[in-house]
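The values are calculated or read from the model by the stated rules, or taken from the named source; none is laboratory data. On a predicted model such as this, the values are computed, not experimentally measured, just so you know. As a convention, Cβ positions derive from the backbone with ideal geometry for all residues, glycine included, and neighbour counts pool all protein chains shown. To get the accessible areas, we keep the full protein, side chains included, count just its heavy atoms, and leave off ligands, DNA and RNA. Shrake-Rupley method; radii C 1.70, N 1.55, O 1.52, S 1.80 Å.
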Amino acid sequence: MTAPRPLGLAEGRLAGLSWGEAGAPTWLALHGWLDNAASFSRLAPRLVEALGIRIVALDFAGHGHSRHLAGDYALWDYCHDVLDALVDLGLERAPLLAHSMGAGVACLLAAALPERVASLTLIDGLGALTTEAAAAPGQLRKGLRAHRRALSAAPRYPDERSAVASRVAGGATPIDGETARPLVRRNLAGEPDGHLRLRSDPRLLRPSPVRFTPEQAMAMLEAIRCPVLLLEGEGGILAGRPGAASARQAIAGLRRRVLPGGHHLHLEPSAVGAVAEAIVAWHLD
């Protein structure tokens with residue numbers, strides 16, 4: 001498969017990877033929490049070849065090779081990363097290919113600025129995590145207290161293998177080493193003593209001080225009018241999530257497919273083929 005091209009956007013604030021020819025129709029790809037643009041390294045080449053498109057995968061702020069922010073990372077702030085990328089790429093609107101947290105960002109952008117989003121292809125993610133209104137003080141307390149604590153140093157590893165093993169053992173969702181390797185490799189930086197450290201901002205681990213209420217999140221989904229394909233992994237995070245069925249029903253015309261695989265089904269070597277086939281079939285339908 002063709003190797004991706006690295007690129008910088010937003011005056012160097014954002015980094016990313018690009019597959020396909022610069023003049024081809026461009027899709028933006030948005031990764032999940034603590035991941036990076038390499039999340040699409042196995043899926044993007046298949047889609048580029050089958051659809052004749054270009055895919056530009058971003059590293060969100062604080063992730064991968066993109067710059068860190070000074071404060072907290074709110075879900076809606078990542079919308080600016082997408083908008084800045086659209087401006088730099090000279091695009092008024094584009095299809096969004098998005099996984100997990102990236103799917104939440106994509107849904108917010110499609111709801112608030114529908115003129116900028118041509119379609120949504122969502123992979124094991126739909127909408128935003130929420131907090132009931134009555135629990136908002138407690139959520140704010142967690143966020144404020146975490147912000148006041150000193151940051152821990154970025155984890156360091158003797159080699160890539162150890163870093164991959166750490167991601168497998170401590171990931172927020174189950175992932176195997178072969179699936180995690182592209183993500184971990186892009187997230188490592190060398191140290192003078194030969195060790196490797198994580199590039200991602202430790203602040204990403206802080207709890208959000210504020211979240212949408214369930215009613216607000218549902219209103220966002222109901223406002224989406226573009227075509228939407230939702231691909232869920234049989235072992236992913238949506239199947240058992242309370243409110244997932246209501247969230248799906250909130251988007252008019254949403255097309256849903258449940259495929260073999262886990263939360264990172266688009267990166268799993270054994271599952272990515274079926275993911276690509278489903279996306280191509282939907283796009284050409």
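Annotations
- Prolate/oblate/rounded label for the chain (Cα gyration tensor, a/c 1.5): rounded
- An oblate overall shape is assigned to segment 164-285, the ratio a/c of its alpha-carbon gyration tensor axes (a ≥ b ≥ c) being 1.5 or greater and a/b not exceeding b/c.
- Accessible surface ranking that places the most exposed of GLU49, GLU232, GLU178 first, with a 1.4 angstrom probe: GLU49, GLU178, GLU232
- Where GLU11, GLU115 fall by accessible area, highest first, once all protein chains stay in place (1.4 Å): GLU11, GLU115
- Derived scalar couplings ³J(HN,Hα) [segment 255-268; Karplus, 6.51 cos²θ - 1.76 cosθ + 1.60; whole Hz; x for Gly, Pro]: 9, 10, 10, 10, 10, x, x, x, 5, 9, 4, 6, 10, 6
- Annotation: amide H of TRP27 within the under-5 Å range of ARG54, ILE55, VAL56, sequence separation 5 or more or interchain, hydrogens built in the peptide plane.
- Helix content alone sets the calculated 222 nm mean residue ellipticity of the chain: runs of n ≥ 4 DSSP H residues at -39500 (n - 2.57) each, divided across all residues, give -10000 deg cm²/dmol.
- In Hz, Karplus ³J(HN,Hα) per residue of segment 8-24 (6.51, -1.76, 1.60; θ = phi - 60°; x = Gly, Pro): x, 9, 6, 6, x, 5, 10, 10, x, 10, 10, 10, x, 7, 4, x, 7
- Rounded percent of accessible protein surface that carbon and sulfur make up, the chain, 1.4 Å probe: 53 percent
- Value of Rg/Rh across segment 91-194 [Cα atoms, Kirkwood radius]: 1.07
- Net charge in the neighbourhood of GLY102 (other residues with Cβ under 12 Å of its Cβ; Lys, Arg +1, Asp, Glu -1) is -4.
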